[in-house]
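We did not get these values from a lab; they are worked out from the coordinates using the rules stated. Everything numeric here is computed off the predicted structure, so don't read it as measured data. A quick note on method: Cβ atoms are made from the backbone with ideal geometry, for glycine too, and the neighbour counts reach across all protein chains shown.
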Amino acid sequence: MTEINKLLEVMANLRDPADGCPWDVQQDFASIAPYTVEEAYEVADAIARDDYTDLKKELGDLLFQVVFHARMAEEAGLFDFDDVAAGITDKMIRRHPHVFGGPEQRAAGQTDASWERIKADERAQESDRSAMAGVAMALPALKRAQKLGKRASTVGFDWPDRHGVREKIVEELSELEAAVGTRDVAAINEEFGDLLFALVNMSRHLDIDPEQALSAANAKFEQRFRNMEKSIKETGKSLTDLSLESLDQQWRAAKKRIGS
């Protein structure tokens, strides 16, 4: 018996109404979904920490989530794990003609245009044929904004270069300032969202991942802040003892100590 078959058998036993685990038996797609998202983030976290022992464990936890969903689907007569595996295998072969296709397709190689054309052909087979179809609502907002902008660009709805995006950012910032002046909370929220969306479009034109960029900025801010805290604590004071001007001086010193 292969390891994956053992895992499938374990899952079937856990879901057995008579002899299984009561908690596992009670679960459904909606109740398990948050755990699936959490496990995906823990995989990403292990990679970010270069902890490959942990990565092996987290990949196992994520695989278990796939097996869990597949088992519930099998019980409902929808599909099973083999269908899931077959579906992704077929999709990868279909989306990589430069690897699995004929001699001419392999010789042509992969291009962004061919990749998007294949995905567009797949969407054309679905009931929702919009260029926006299939961009998951549950994605983190930055990632979803990035995907929506990219989808729009595939049908020509985009700025020709980053300069157009820069003008849009300036425009949205001005509209945010105007909304702040009205003290209309709903308008402020809307304009702030528009500004963030424009910034994500800039990241796309610069070919950078906004989620990764923000994560790096978060880590840099935290490192500097902790360094500043430590330095102030060594003087016998706390942050609340210092004026804003003094805190700014300490912040600048921390930036010099650990790099700006």
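Rounded to the nearest 0.05, the FRET efficiency derived from the C-beta distance between Glu104 and Asp184 at R0 = 45 Å is 0.15.
Note on region 212-258: Cα Rg divided by 2.2 N^0.38 Å, N the number of residues, gives 1.19. What is the helix-to-structure angle for 141-154, meaning the angle in degrees between its Cα long axis and the longest Cα principal axis of the chain, kept from 0 to 90 and rounded to the nearest 10? Helix 141-154 sits at roughly 70 degrees to that axis. Placing +1 on each Lys and Arg Cβ and -1 on each Asp and Glu Cβ, with no other charges, gives the chain a dipole about its Cα centre of roughly 1160 debye. The Cα center of region 169-196 and the Cα center of region 147-164 differ in position by 22 Å. Under 1.5 on a/c is rounded, so check that first for region 3-95, then, if it is not, pick prolate when a/b is larger than b/c and oblate when it is not; a ≥ b ≥ c are the square roots of the alpha carbon gyration tensor eigenvalues. Verdict is oblate for region 3-95.
Shape verdict for region 110-239, please, from the Cα gyration tensor: rounded (a/c under 1.5), prolate (a/b greater than b/c) or oblate. Prolate, since a/c reaches 1.5 and a/b exceeds b/c.
Mean separation of Cα pairs under 8 Å and 6 or more residues apart, divided by the residue count, gives the chain a relative contact order of 9 percent. Taking trypsin sites (Lys or Arg not before Pro) across region 145-241, the ones in a DSSP loop with at most 15 further Cβ atoms lying within 10 angstrom of their Cβ are Arg183, Lys237. Length available on full extension from Leu139 to Thr89: 0.36 nm per residue minus the Cα-Cα distance, which gives 15.7 nm. Each residue in Ser130, Ser215 was given a count of other beta-carbon atoms within 10 angstrom of its own, and listing them fewest first yields Ser130, Ser215. Using R0 = 35 Å, the C-beta based FRET efficiency linking Arg49 and Ala120 works out to 0.40. Considering only Gln249, His205, Gly77, whose Cα is most displaced toward the positive end of the charge dipole of the chain, charges sitting on Cβ of Lys, Arg (+1) and Asp, Glu (-1)? Result: Gln249, furthest along the dipole toward the positive end. Semi-axis lengths, largest first, of the ellipsoid equivalent to region 185-238 are 33, 18, 6 Å, with √(5λ) applied to each eigenvalue of the Cα gyration tensor.
Taking the Cα centre as origin and putting +1 on Lys and Arg beta-carbons and -1 on Asp and Glu beta-carbons, what dipole magnitude results for region 86-199, to the nearest 20 debye? Rounded to the nearest 20 debye, it is 700 debye. Using only Cα atoms, locate the centre of region 1-68 and the centre of region 203-260, then give the distance between them in Å, rounded to an integer. The distance from the Cα centre of region 1-68 to that of region 203-260 comes to 37 Å. Measure nothing fancy, just the Cα-based angle from helix 210-233's long axis to the longest principal axis of the chain, in degrees from 0 to 90, nearest 10. Its long axis makes an angle of about 50 degrees. Placing +1 on the Cβ of every Lys and Arg and -1 on the Cβ of every Asp and Glu, with no other charges, gives region 12-123 a dipole of roughly 600 debye about its Cα centre. Applying 1/(1 + (r/R0)^6) with r as the Cβ-Cβ distance of Asp209 and Phe157 and R0 = 30 angstrom yields a FRET efficiency of 0.90. Take the chain, connect every pair of alpha-carbon atoms lying under 10 Å apart with a spring to form a Gaussian network, then pick out the residue of Ile208, Ile32, Ile232 with the largest mean-square fluctuation. Top of the fluctuation ranking is Ile232. Take the alpha carbon gyration tensor of the chain, find the square roots of its eigenvalues, order them as a ≥ b ≥ c, and report rounded if a/c is under 1.5; if not, report prolate when a/b exceeds b/c, else oblate. Taking the square roots of the gyration eigenvalues as a ≥ b ≥ c, the chain is oblate. Helix 3-14 and the long axis of the chain differ in direction by around 90°, with both axes built from C-alpha atoms. Fully extending the segment from Lys256 to Glu167, taken as 0.36 nm per residue of separation minus the present Cα-Cα distance, adds 28.8 nm.
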